């Protein structure tokens, strides 16, 4: 995967699993009129030697986020380890997901056992 990535959040659960969420632009399509971003999660159970990733949310159009001067997507975001295994992710999405303003805050419970995890080259 090669894409502009931004706003990472990192947490480690009680089993030593490292989790990371981030936004990236891998699905941008030049000329479509949108600035497409997605939220992703990756985890490593072996200290960062290997990683598996899964799609968390999106696509969202960053051009619908508030301006001027600030893009509020990513302003309120984070990742925390849950008791036991897994992670709690909080992130901001713009349109079309946002229903209560130009951006809304979303929550996802994610973890190493989630289906759809794909290997990632570190």
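The values are calculated or read from the model by the stated rules, or taken from the named source; none is laboratory data. All values derive from a computational prediction rather than experimental measurement. Counting neighbours? That spans all protein chains shown, and the Cβs are built from the backbone with ideal geometry, glycine included.
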Just to verify a result, which residue in region 12-25, among those that are in contact with a strand residue (DSSP E or B) (Cβ under 7 Å, 6 or more places away or on another chain) and without any contact (Cβ under 8 Å) to a residue 40 or more places away in the chain, is farthest from residue 101 (Cα to Cα)?
18
Would you confirm, using the coordinates I've provided, whether residue 114 is closer than 25 Å to residue 35 by Cα, modelled with pLDDT under 90 and more than 12 Å from the chain's Cα centre (by Cα)?
no
Just one of (1) touching a helix residue (DSSP H, G or I) at 6+ places or on another chain (Cβ under 7 Å); (2) surrounded by 19 or more Cβ atoms within 10 Å (Cβ to Cβ) trips up residue 34, so point out which.
(2)
Can you tell me which residues in region 50-64 are part of a strand (DSSP E or B) and free of Cβ contacts under 8 Å to residues at least 60 places away in the same chain?
56, 57, 58, 59, 60, 61
Of everything in region 73-91, what is on the phi < 0 side of the Ramachandran plot, at pLDDT below 90 and buried (at least 16 other Cβ atoms within 10 Å of the Cβ)? Give them in sequence order.
73, 77
